[in-house]
Every structure is written in C-alpha cells, then in structure tokens.
1. Quick check on my filter: what residues within the range 190-233 are more than 16 Å from the chain's Cα centre (by Cα) and either buried (at least 19 other Cβ atoms within 10 Å of the Cβ) or part of a strand (DSSP E or B) (or both)?
2. Return the residues of the range 20-71 that are part of a helix (DSSP H, G or I), in contact (Cβ under 8 Å) with a residue 40 or more places away in the chain and under 23 Å from Glu208 (Cα atoms); say none if nothing qualifies.
3. Scanning the range 113-133 for residues that are out of contact with any helix residue (DSSP H, G or I) (no Cβ under 8 Å at 6 or more places or on another chain) and assigned to a helix (DSSP H, G or I), which turns out nearest to Ile96 (Cα to Cα)?
4. Here is a list of conditions, (1) over 24 Å from Arg213 (Cβ atoms); (2) modelled with pLDDT of 95 or more; (3) of a type in the set (A, V, I, L, M, F, W, C); (4) buried (at least 17 other Cβ atoms within 10 Å of the Cβ), and Ile108 meets all of them except one; can you say which number that is?
5. Go through the range 125-140 and give me each residue that's more than 16 Å from the chain's Cα centre (by Cα) and of a type outside the set (Val, Ile, Thr).
6. Quick one: Ile136 ticks every box in (1) in contact with a strand residue (DSSP E or B) (Cβ under 7 Å, 6 or more places away or on another chain); (2) β-branched (Val, Ile, Thr); (3) in a loop (DSSP other than H, G, I, E, B) bar one, so which box is it?
7. Just to be sure before I move on: is Gly83 touching a residue at least 24 places away in the same chain (Cβ under 8 Å), under 16 Å from the mean Cα position of the chain (by Cα), part of a helix (DSSP H, G or I) and surrounded by fewer than 19 Cβ atoms within 10 Å (Cβ to Cβ) in the structure I sent?
8. Looking at Asn79, Asn90, which one is under 21 Å from Val169 (Cα atoms) and not hydrophobic (A, V, I, L, M, F, W, C)?
Amino acid sequence: MHRIAVVTGSSSGIGRATATRLLEAGFTVIGLARHHDKYEISHDHYYPRTADFSDIEKLDKIAADISKDYPKISVLVCNAGFGDFRHLENFSYKQIQEFLNVNLVAHIVLCRHMVSGMKKLGQGDIVIVGSEAALIGKRKATLYSAAKFGMRGFAQSLRDEVGSSGLRVCLINPGMVRSAFFNDLDFEPGDSSENAIEPEDIAKVIVETVGARRGTVIDEINLSPASKVIHFKNRKP
C-alpha cells in the first residue's frame, strides 16, 4: 500500500532529512513547518503546509483539514520544536506557555487528529522525536525536560491505548544533533564527527522503524554521540 506520512519541522534538520528519506522510499509526505524556504528539494510527492506550532487553535484546524484531505495517512513523525536553556525565573509565563505549546501540546493535538484516521485504516505509525532530556533532568533545562518527559509519558500511554487498533508508537531519544537547533543557543556540539549525531542518522532509524514488520513494535530508541563534547560559543579559549 502506498503510504502517506506527515512530518513536522520538515524545513530543516531531522525533519528535512526524514522527509527526504521517506520520499526516496516512495512515500507521499506532507511537511509542516513555520517557514518552508529552507526546504529546497522539489518533489512531486512533497506537499508543504505552513503551521505555527505556538498557535494551537490554528494548528488544530490545520490538522483537521489535513486529515480530511488525506484520509489514508499512516505515518506521523512528531519532530518540530526548539530549545531555550535558562534558569526558570528568567522565563515569563507567556514564554513558558509558548514553549510548552510548541514542544508538547502541539504534538498531542496532531496525534489526536491522526489517530482517528489510522484506526480506520487498521494500521499506523507514530514516531515521536524526543530527547535525552526525557531521561534525566538537568539545570537550565527545566522547560525542555518538562516537555520531553511529557512527550515520553504521552508516547507510553498512547502506545498502550492504540496498540490493539494496529497502531505503533515509537519514541526516539537522541543526544545532541548537529543541526540548526543550536543556531540561537550559546552552546553546540564539538567539532568532531563523534561529538554529534547527524540528522540523516535519525532519519534512517525512523524510516527503518516505520518499515519494520507489522508484528514488531519498537517502543523506544536512545541514540548518543560516540563522544559527548560541548562547545560554548561565548566562552573565550
């Protein structure tokens, strides 16, 4: 069966690499991102949709429209998000709300819409890109870990809820990935190829996961760079 996938954050990094891999594997891909100018690959089976994940009300309507336009969606890759690593008291309540909307609530809303269609098909794969921050909390990662711990609990519960309907839910927890995620942060992975995971590494795992034999459920995958080195951009050598 020709499969249709929705990929969030498809304009760069993990999302872009995943969308590209899925297209190469013969999928039709609906890509959700705030800006699509970064995605320069032209493909007959790629359909970009503009979505602001901080605006839950509009996202809910977009998700409903996509489900109506593409009733046979069988793959959802929840990847979109951003990082902001500061002490908790440095966030306003509006910043807290926006952060959790983008990194947690938006994905729950998308899953809510996609699950219904997948149940009607009798099969589906939901892949959630979490983080190593879902495994252990650290200072200055209060909001990020809160969102990722939330996604981990959501994935575990959703898996138990929809498994009998032929749906699979996989959570992938990567360490630092060399991508635009770090553009606006004051730190980044070290320069060595061993200091970071590449987006293509995760994309490959995602495509293999959704292509696994239907009788196999891959619950959770943890990925780490071979050597964890952090470079602080504003720190003088």
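1. Selection gives Asn195, Ala196, Pro225, Ile230, His231, Phe232.
2. Answer for the range 20-71, where residues must be part of a helix (DSSP H, G or I), in contact (Cβ under 8 Å) with a residue 40 or more places away in the chain and under 23 Å from Glu208 (Cα atoms): Thr20, Arg21, Leu22.
3. Glu132
4. Unmet for Ile108, out of (1) over 24 Å from Arg213 (Cβ atoms); (2) modelled with pLDDT of 95 or more; (3) of a type in the set (A, V, I, L, M, F, W, C); (4) buried (at least 17 other Cβ atoms within 10 Å of the Cβ): (4).
5. Leu135, Gly137, Lys138, Arg139, Lys140
6. Looking at each condition in turn, Ile136 falls short on (1).
7. When the stated conditions are applied, Gly83 does not pass them.
8. Testing whether each residue is under 21 Å from Val169 (Cα atoms) and not hydrophobic (A, V, I, L, M, F, W, C) leaves just Asn79.
The values are calculated or read from the model by the stated rules, or taken from the named source; none is laboratory data. What you see is a predicted model, and the numbers here were worked out from it, not measured in a lab. Glycine gets a Cβ as well: all are built from the backbone with ideal geometry, and neighbour counts include every protein chain shown.
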